[in-house]
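Heads up, the thing below is written out as structure tokens.
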Amino acid sequence: MNKVSGKSFKKAEGNSYLMKEREVEAKRLIGKKQVRGKIYEYEYYTLPLNLYIPKSMVEKFGVKYMLQVDEDTGTITIKPRSS
């Protein structure tokens, strides 16, 4: 495992293929919006890298996920962490 800016990454290397993988936790945020004098509150979940995750996904799988970043193609994959 390598340490990059205080966070741990696993690197899978082979034939110039580089995939960074790390365990992340969804953060619950409360938003407020004012419409015609009335204030509405809503909640949403985010992951690092400003990725939004649907509330239904958090309700189904929990808050821990595996974040995989493929630097060659620029693809980001989010998978629920298996218990």
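Observations on the model:
- Pairs where the first residue, in segment 60-75, is without any contact (Cβ under 8 Å) to a residue 24 or more places away in the chain and the second is of a type outside the set (Phe, Trp, Tyr) and part of a strand (DSSP E or B), C-beta under 9 Å, 6+ apart: LYS60/PRO80; PHE61/PRO80; GLY62/PRO80; THR75/GLN68; THR75/VAL69
- Checking LYS60 against (1) at pLDDT 90 or above; (2) not in a helix (DSSP H, G or I), the condition it does not meet: (2)
- Selected residue (criterion: farthest from the chain's Cα centre (by Cα)) from residues of segment 28-71 that are surrounded by 13 or more Cβ atoms within 10 Å (Cβ to Cβ) and of a type in the set (D, E, K, R): ASP70
- Subset of segment 33-57 that is aliphatic (A, V, I, L, M) and modelled with pLDDT of 90 or more - its residue that is nearest to ARG22 (Cα to Cα): LEU47
- Residues satisfying the stated conditions in segment 21-46, i.e. under 20 Å from SER82 (Cα atoms) and part of a strand (DSSP E or B): GLU21, ARG22, GLU23, VAL24, GLU25, LYS27, TYR45, THR46
- Conditions (1) outside any helix (DSSP H, G or I); (2) touching a residue at least 12 places away in the same chain (Cβ under 8 Å); (3) of a type outside the set (Phe, Trp, Tyr): number failed by LEU49: (1)
The values are calculated or read from the model by the stated rules, or taken from the named source; none is laboratory data. Bear in mind the structure is a predicted one, so any value in this text is a computation, not a measurement. Positions of Cβ are backbone-derived with ideal geometry, glycine not excepted, and every protein chain shown enters the neighbour counts.
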